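J.: Once you've had a glance at the structure underneath, I'll fire off some questions.
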Amino acid sequence: MKTAMMAVLLVLTQVSISSAQRTKPGAPAGSRIHTATRLVVTFHDLERQLTIALRQNDAATLDRLLASEFEVWTPQPPGEPIPRAVWVQERQSAGVPEAFSIQQMAVRALDEHAVASFVLIEGAPARQTAQFVVDLWARSGGEWKLTDRYTSPAPPAPYSGERKPTGKD
């Protein structure tokens, strides 16, 4: 009986230690530590390179990252895709903000394709815009090229994960 009780106590101790190690110091109990996967790190870097290339009007980097058939889809009328040349021209003429961040990225690999979704926040804190972006990347010759982008405005304050389903704190 004592041996069984000791085994149960040992298991409970290990579970509580393991649980404590997964929680950030000062974080509410039950919160998760988010670790970037290899794919998230890879595509975060590619998305950062793309945004910087747009800002700097770097045609060589844009050619390396964007497929010739690249198109952007949005929910705004007329509901037709925006061709690569038009989108690049629009982004560059509007002036890509210096400050930007890529948040809440998730990546799903599908053989020679990958789907990256994230929130792109651009601009100074007082005038930020946020977009939810879904990018379709294709691997060709060992390099990733962006073939399609789906984008929609997002709420200015990304979901923090702290709220309860009822919305009450």
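J.: Restricting to region 70-94, what's the tally of residues that are touching a residue at least 24 places away in the same chain (Cβ under 8 Å) and loosely packed, with under 12 Cβ neighbours inside 10 Å?
T.: The total comes to 1.
J.: Still on this structure, please answer the following. Do we have PRO25 as assigned to a loop (DSSP other than H, G, I, E, B) and at pLDDT 55 or above here? Step through it out loud before you land on a result.
T.: On the way: assigned to a loop (DSSP other than H, G, I, E, B): yes; at pLDDT 55 or above: no.
So PRO25 does not fit the description; no.
J.: Let me ask something additional. When you check ALA130 against the structure, is it of a type in the set (A, V, I, L, M) and in a strand (DSSP E or B), yes or no?
T.: Values: of a type in the set (A, V, I, L, M): yes; in a strand (DSSP E or B): yes.
Yes, satisfied.
The values are calculated or read from the model by the stated rules, or taken from the named source; none is laboratory data. From a predicted model like this one, the values you see are computed outputs, not experimental measurements. Note that each Cβ is placed from the backbone with ideal geometry, even for glycine, and that neighbours are counted across all protein chains shown.
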